[in-house]
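Q: One structure, as structure tokens, below. Some questions next.
The values are calculated or read from the model by the stated rules, or taken from the named source; none is laboratory data. All values derive from a computational prediction rather than experimental measurement. Positions of Cβ are generated from backbone atoms using ideal geometry, with glycine treated the same way; all protein chains shown enter the neighbour counts.
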Amino acid sequence: MIPGDGKVAVNNQGSVVKPYVMSHGTLECYSLKQSRKFYEEFLGLECVRHAKPAMVVRCGLKFHIVCVEVGDAVHPTNVLNHWGVDVRSKAEVDNAHKAANEMKEKYGIRQVLPVQNMHGVYSFYLEDCDHNWWEIQCYDGYQHDDMYDFGDRFSMDDGADPRSLKELEIKTSN
């Protein structure tokens, strides 16, 4: 499903920093042990503990997330700050949604939102035990390529309307 080796041409001749790849992101967790179980057993991600306070998580591309154990210093996030995981069919989304609801207690899943069609994908969001949000989605094609191939659909002079973001109404659980 991932085209080629996942590489695209870099066009950054006019920028100050000249990166060749976006390599990683970070998230926080209460417990590496508990989070790893969820990442591997539920989300199907690969984990490697590369440092005492941290592990790296990946799936399919040469991009990883560094998960850092911070204990009670975790900063809960909003659903708009989420990590997306693509599956191959709507049935897989539905199966994951059912499993998330059935396995809430086993993995400490805090919230599972309804499945819906939004922004061109069939998906749902869930809040994990560390207040990190995940979107399990199915897209007909390869969304990453399509977004860039379609190019800008709005001018940067067009103002955004944060009031229209229903996601801002979703509250992180306690």
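Q: Cβ-Cβ distance below 9 Å, separation of 6 or more or different chains: which pairs start in region 56-83 with a residue that is within 18 Å of LEU126 (Cα to Cα) and modelled with pLDDT of 95 or more and end on one that is aromatic (Phe, Trp, Tyr) and assigned to a loop (DSSP other than H, G, I, E, B)?
A: VAL74/TYR30
Q: Against the definition (surrounded by 12 or more Cβ atoms within 10 Å (Cβ to Cβ), assigned to a helix (DSSP H, G or I) and either more than 14 Å from the chain's Cα centre (by Cα) or basic (Lys, Arg) (or both)), how does ASP72 come out, yes or no? I'd like the intermediate steps shown before the answer.
A: Working: surrounded by 12 or more Cβ atoms within 10 Å (Cβ to Cβ): no; assigned to a helix (DSSP H, G or I): yes; either more than 14 Å from the chain's Cα centre (by Cα) or basic (Lys, Arg) (or both): yes.
It is false that ASP72 is surrounded by 12 or more Cβ atoms within 10 Å (Cβ to Cβ), assigned to a helix (DSSP H, G or I) and either more than 14 Å from the chain's Cα centre (by Cα) or basic (Lys, Arg) (or both).
Q: Now for a separate question. Checking the structure you have, find out if any residue of region 152-167 is more than 21 Å from VAL93 (Cα to Cα) and either surrounded by 10 or more Cβ atoms within 10 Å (Cβ to Cβ) or in contact with a Lys or Arg (Cβ under 8 Å, 6 or more places away or on another chain) (or both).
A: Yes, that holds for at least one residue.
Q: Would you pick out the residues in region 108-143 that are part of a strand (DSSP E or B), among the charged types (D, E, K, R) and surrounded by fewer than 21 Cβ atoms within 10 Å (Cβ to Cβ)? Let's see the steps before the verdict.
A: So in region 108-143, the residues part of a strand (DSSP E or B) come out as 111-112, 116-118, 121-127, 133-138.
If we keep only those that are among the charged types (D, E, K, R) too, we end up with 127, 135.
GLU135, the sole residue that qualifies.
Q: Which of (1) part of a helix (DSSP H, G or I); (2) touching a residue at least 60 places away in the same chain (Cβ under 8 Å); (3) not acidic (Asp, Glu) is the odd one out, the single condition SER173 does not satisfy?
A: Only one criterion is unmet by SER173, namely (1).
Q: In addition: Mind checking whether some residue in region 3-23 is more than 23 Å from VAL121 (Cα to Cα) and buried (at least 16 other Cβ atoms within 10 Å of the Cβ)?
A: Taking every residue of region 3-23 in turn, none turns out to be more than 23 Å from VAL121 (Cα to Cα) and buried (at least 16 other Cβ atoms within 10 Å of the Cβ).
Q: Look through GLU28, GLU46, GLU40 and report the one residue that is surrounded by 15 or more Cβ atoms within 10 Å (Cβ to Cβ), touching a strand residue (DSSP E or B) at 6+ places or on another chain (Cβ under 9 Å) and of a type in the set (D, E, K, R).
A: Details: GLU46 fails: surrounded by 15 or more Cβ atoms within 10 Å (Cβ to Cβ); GLU40 fails: surrounded by 15 or more Cβ atoms within 10 Å (Cβ to Cβ).
The match here is GLU28.
Q: Sticking with this structure for a sec: If you scan region 23-47, which residues turn out to be modelled with pLDDT of 95 or more and either in a loop (DSSP other than H, G, I, E, B) or touching a helix residue (DSSP H, G or I) at 6+ places or on another chain (Cβ under 6 Å) (or both)?
A: Correct list: CYS29, TYR30, SER31, PHE38, PHE42, LEU43, GLY44, LEU45, CYS47.
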